[in-house]
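Working notes, beginning with the structure itself.
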Amino acid sequence: MSEYAMLIDYEYCSGCKTCEIACNQEYNREAGKLGGVEVQEFIHFLQSGRLYITNIPHFTKACVFCAGRVKKGLTPACVQHCMANVLVFDTLENLKDKIPENRKALLWTKG
Amino acid sequence: MKNDGVKIIKTTTWSPGPGCHGGCGILVHVKDDKVIKVEGDPDHPWNQGRLCSRCLSMTQYMYHKDRLTKPLKRVGERGQGKFEPISWDEAFDLIEKKMKQIRQDHGPESMIFHQGTGRDIGGWISMLAYAYGSPNWMFGLSGISCYTPRLMMMSITQGDFAVVDAAQWHEKRYDDPEYEIPETVTIWGQNLPATCPDGFFGHWYVDLMKRGTRLMVIDPRCTWIASRAKLWLQLRPGTDAALALGFIHVMIKENLVNMTFIEKWTNAPFLVRTDTPEPILLRETDLAPSGKSTNFVAHDPVSNEFVIWDSDNQTYSRKDTTPSMDGEFTISLTDGTRIPVKTVWRMYKENVEEYTPQKVSRITWVPEDKIVQGARMYAKSSPSALHWGLPIDTIPSTIPTSQAVNHLWCLSGNLDNPGGNAIARYAYDVVTYPYHSGGSILSLPPEVAEKRIGINDYGPIKDFRAWAQPDKVLEQIFTKKPYEIKGMWIQTANPLACTGMEPQKWHKAIKQLDFTVCVDLFMTPTAMLCDVILPAATFLEKDSLKAWWVPLQAIKKVVEVDECKSDIEINLELSKRFMKDFPYDNTRDLFDSLLKSAGITYQQLCDNTWMIPPKGHSSRPYYRHEKGLLRADGKPGFRTPSGKIELFSSWLEKWQLAPMPYHEEPPYSPVSTPDLFKEYPLILTTGRRMGPFFHSEHRQIPWLRAQQKEPVLEIHPDTAQKYGITHGQKVCVENWLGKITVKALVTPVIHPDIVMAEHGWWFPEKEGAEPSLFGVWDVNVNQLIPMGHEGKGGLGSPIKSMLCKVYKAKG
């Protein structure tokens, strides 16, 4: 299987939204309209009463996994520029070995 | 050059554009002399391919329709917004004529050279001020409350600056065998992932977390990084000194300090006179008329005699002594008087005795058990690194606060060790941003230097930093005493929207001057008031260099945009016009001269793009105090008057300031102004960082502005409910100085008794002409913060610890 997918080690996503702008630049998208990725913030109280903030990059309808860049041997624009290095782009097969231990992660596939 | 006509150029960032303190390596894609894309450089050790939102938006910034692209001359009234384009020759001629007239009629000191936050401007604006002949080079933030207090305190305590070692001195970064991952990093008052702090890359802490570093975060807000910390201490703004002293109290009580390091490297064994009204260090001159006042005295426990510490030779008069650390003695002065003395260490312990966890908890609102836990976590970790932020500067008691926090790494021995707080010097000692007038490109004769505003009011202003004191400058513009201020050169600054507290006063001050120039990239509320506006280049349109702290790197001119010129070229051209025999013909000459200590030319630097000093160089860690790499004489020790880390500071003693740290209440607080607090029952803190914007910049960049459209006030859900405020509603934030109207962001990340207002807001899309000035008066929170509340050394101001009330806005 050589289908590409995106693994998101979101526990380390700081919510800086750099991925959104990297995508905008790559496709010269119009500001204010849907880009390929949008970061969602969740603020939760854990059972202990502790505040916990989770950021999740959500890959939208507009995302094409940067097919053009990947063809040239580059990583998608958001993957390269992610300040927290939480996006891993690879084939589904290779990603199996890259799933982080001891914490949850998300896998986005193209379907 | 690729076959699609795109050229890719490797360069590095600093200031105009992303606006930040720079450091990242980038690959710039150029087609037909136009930048079409900017990407991170995977080969650069600083960012390793990553790049922030602001730099990724460079194309929108550079080619923005509102970019200033030609010099402008005011043709209407000040503030009316009527300007006409003129040529560079006309602009330079006009500026030369007007400023020379002021110099001739009123003296060069009547011209202020006003910069914003430190980035690449320090070297070039001081060059222009000194070429013109004015000592009044100034950063306009009240109390110079941005890094300068911390830098000053580090400089006088340990002789050098220090920053967290995140392996930035190693090409291979975290994988370098010499490096150690910090066991704990304490982040004191900074939201790192949302900021690019001075000489640092915020996300390095995410890299370290992944490699096992635990975090302690000290912040009134639960930021994302605070929510990921092992320990989060939610302190009351402005009480940082008390918390640090509480840590020190616990560390001493529980014997968690590094006594071997303290005995060897600090002035803890020195003796202090207690017969004087305030304790002062005992000096050799007290014991013998022939002695030196720079030498100190300690007690030798074996012989029970006193020994002299020779600061020049860095030795005790009895070579084999291990001086007493803890004790009280009686000693005879030259006139035979017997006086009581104590060791610094005894005095130091007495000084922190009162800061029990119980008392500190009352002051800071941090629970007692967490104070103890925090002290243990910091002190028991090895290596343990401490990263501090702006809140340490933005309080009038910044000097004792910086000192107390600085002492944490001195008492635990985490100084210049791998993974601790490494001593930070300019790479290869190349000075692109001078602190003292001595390090600047030009110098001033003493009789001119003495006219610098604030120099006679404050010791640290006189001796540490070459800036005029901004609160005193503003005062002098109105009082005209001891001399009149006639003009202002404003470059990289927007005091009406950003650096100016009580901006109403700056507005009035700037408008009443005879002649003002603003150098900027976009029209701003401040530029609207000026007589001449010069269009500056972004970092992709200029040649420059950076050495802050590491690597030493080149910033290369990639393209030109219309008639925009670099700050350096602008200042160099005018310097030539103002100064006979100005020593540099062009920027290359200037850069080559600055690079002398690195032994290379600017061309060689450009060929390398970036360079990290080799192992063994005095601008690269580690343990340089042991190797004799810090002091000019090559002896082990530090660059302080005694050569020791001065826990009891001889500099503070000289400036008649308390030589040891203490807590002081902010000037407006529930404790210091309880009556005012009844009327204004919320603590107003400001300045939290916003990812898409650098201070007052970037509001006109579409991609960035789309991430946040307008300013918000963070308010806790319980507090919001109490005042009938709902999320997203417009609220008024008001105190006795002023009022703003912003949107409520109801969030549990903030303490219920504190509200956080954003700074730097104005609306480039709104009417620029007065009275609107791009809507700045509706939203600029600095209207609620006073000028003239600088701390005892002329440093610090209450920017993050004011009082206010909040209520629903009408309509």
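The values are calculated or read from the model by the stated rules, or taken from the named source; none is laboratory data. None of these values were measured; they are calculated from a predicted model. Neighbour counts run over all protein chains shown; Cβ positions are idealised from the backbone, glycine included. In case anyone asks, the SASA skips ligands and DNA or RNA and just uses the protein heavy atoms, side chains included. Shrake-Rupley method; radii C 1.70, N 1.55, O 1.52, S 1.80 Å.
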So the FRET efficiency between residue B:739 and residue A:92, C-beta based with R0 = 45 Å and rounded to 0.05, is 0.20
The stretch B:291-380: spread of alpha-carbon positions along the three principal axes, whole Å, largest first, is 50, 29, 25
Only counting protein heavy atoms at a 1.4 Å probe, give the residues of the stretch B:676-723, ordered by number, whose accessible area falls by 50 Å² or more when the other protein chains are present relative to the chain alone.
-> B:703, B:707
Rule-of-thumb check for the stretch B:162-239: C-alpha Rg over 2.2 N^0.38 Å?
-> 1.12
Would you tell me the accessible area of residue B:508, worked out with a 1.4 angstrom probe on the heavy atoms of the protein chains, in Å² to the nearest 10?
-> 130
So the B/A interface buries, both sides summed and with a 1.4 Å probe, an accessible area in Å² (nearest 100) of 3000
In Å, what Rg and Dmax follow from the Cα atoms of the stretch B:1-144?
-> 19.8, 61
Residues whose placed amide H lies under 5 Å from that of residue B:315, excluding near-sequence neighbours = B:310
Please report, in whole Å, how far the alpha carbons of the protein assembly as shown spread along each principal axis, starting with the longest.
-> 85, 73, 61
Å³ per residue enclosed by the Cα convex hull of the stretch B:107-206 = 151
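From the convex hull of the Cα coordinates of the stretch B:520-658, what is the mean projected area in square nanometres?
The directionally averaged projection comes out at 13.8 nm².
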So which residues of the stretch A:80-107 lose at least 40 Å² of accessible area, probe 1.4 Å, when you go from the chain by itself to every protein chain present?
-> A:80, A:81, A:83, A:85
Equivalent-ellipsoid semi-axes of the stretch B:6-62, from the Cα gyration tensor, Å, largest first = 17, 14, 8
Å² of accessible area per residue within the stretch B:164-424, as computed with a 1.4 Å probe and no ligands counted = 32
Which residues' amide hydrogens lie under 5 Å from the amide hydrogen of residue B:729, considering only partners 5 or more residues apart or on another chain, with H built in the peptide plane?
-> B:744
The stretch B:164-424 - percent of accessible surface contributed by carbon and sulfur, probe 1.4 Å = 46
Vicinal HN-Hα couplings computed from phi for the stretch B:308-316 (Karplus, 6.51 cos²θ - 1.76 cosθ + 1.60; Hz; Gly/Pro x) | 9, 8, 8, 5, 6, 8, 6, 9, 7
Rounded to the nearest 10 degrees, what's the angle between the helix B:240-253 long axis and the longest principal axis of chain B, both from Cα atoms, 0 to 90?
-> 30
Considering only the stretch B:682-811, percent of DSSP beta bridges that pair antiparallel, nearest 5 | 65
Using just the helices of the protein assembly as shown, give the 222 nm mean residue ellipticity in deg cm²/dmol: DSSP H runs with n ≥ 4 each add -39,500 (n - 2.57), and the total is spread over all residues, rounded to 500.
-> -7000 deg cm²/dmol
Point-to-point label distance, residue B:380-residue B:626, nm (Cα→Cβ direction, 7 Å offset) = 2.5
Mind listing the phi-derived Karplus ³J(HN,Hα) values for the stretch B:667-680, rounded to whole Hz, using 6.51, -1.76 and 1.60 with θ = phi - 60°, and x for any glycine or proline?
-> x, 10, 6, x, 8, 7, 9, x, 5, 4, 5, 5, 7, 10
Would you be so kind as to identify which of B:53, B:604, B:807 lies farthest towards the positive end of the dipole of chain B, taking Lys and Arg as +1 and Asp and Glu as -1 on Cβ and the Cα centre as origin?
-> B:807
Longest to shortest principal axis, alpha-carbon extents of the stretch B:764-811, angstrom | 41, 28, 14
The long-range amide H neighbours of residue B:299, using H built 1.01 Å from N in the peptide plane and a cut-off of under 5 Å, are B:307, B:324
May I ask you to give the solvent-accessible area per residue for chain A, in square angstrom, as obtained with a 1.4 angstrom probe?
-> 55
Taking chain B as a whole, which cysteines find no other cysteine Cβ under 4.7 angstrom from their Cβ?
-> B:24, B:52, B:55, B:146, B:222, B:410, B:498, B:564, B:606, B:732, B:804
Along the positive direction of the dipole of the stretch B:522-582 (beta-carbon charges: Lys, Arg +1; Asp, Glu -1; about the Cα centre), which of B:535, B:558, B:545 reaches farthest?
-> B:545
Nearest-ten-degree value, helix B:88-106 long axis tilted from longest Cα axis of chain B | 50
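Plugging the Kirkwood radius over Cα pairs into Stokes-Einstein for the stretch A:4-109, at a temperature of 10 °C and a viscosity of 1.306 mPa s, what D comes out in µm²/s?
Here the translational diffusion coefficient equals 109 µm²/s.
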Quote the convex hull volume per residue of chain B, based on C-alpha atoms, as a whole number of Å³.
-> 165
Accessible surface, the stretch B:674-808, averaged per residue in Å² (probe 1.4 Å) = 33
Taking only Cα atoms, what is the 0 to 90° angle, nearest 10, from helix B:398-411's long axis to the longest principal axis of chain B?
-> 60
What's the longest bit of chain A with no exposed GluC sites (Glu not before Pro), using DSSP loop states and at most 15 other Cβ atoms within 10 Å as the test?
-> A:31-100
Cα gyration tensor of the stretch B:385-474, axes a ≥ b ≥ c as square roots of the eigenvalues: rounded (a/c below 1.5), prolate (a/b > b/c) or oblate?
-> oblate
Candidate cut points under GluC sites (Glu not before Pro) in the stretch B:1-94, DSSP loop plus at most 12 other Cβ atoms within 10 Å of their own Cβ, are B:77
Among beta bridges that DSSP assigns inside the protein assembly as shown, antiparallel share in %, nearest 5 | 65
Residue-by-residue Karplus 3J(HN,Hα) for the stretch B:57-62, coefficients 6.51, -1.76, 1.60, Hz, glycine and proline x | 9, 4, 5, 5, 6, 5
Trypsin sites (Lys or Arg not before Pro) in the stretch B:53-116 lying in a DSSP loop, each with at most 14 other Cβ atoms within 10 Å of its Cβ, come to B:65, B:82
Solvent-accessible area, 1.4 Å probe, carbon plus sulfur percent, for the stretch B:715-811 = 53
Select from the stretch A:7-28 all residues whose loss of accessible area on going from the chain by itself to the full protein assembly reaches 20 Å² or more (probe 1.4 Å).
-> A:11, A:12, A:14, A:16, A:17, A:18, A:21, A:24, A:25, A:26
Among GluC sites (Glu not before Pro) in the stretch B:449-502, those in a DSSP loop whose Cβ has at most 13 other Cβ atoms within 10 Å are B:450
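What value does the stretch B:666-755 have for Rg/Rh, both radii from Cα atoms and Rh as Kirkwood defines it?
My calculation puts Rg/Rh at 1.01.
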In the stretch A:65-107, what percent of the accessible surface is made up of carbon and sulfur (1.4 Å probe, ligands and nucleic acids excluded)?
-> 51
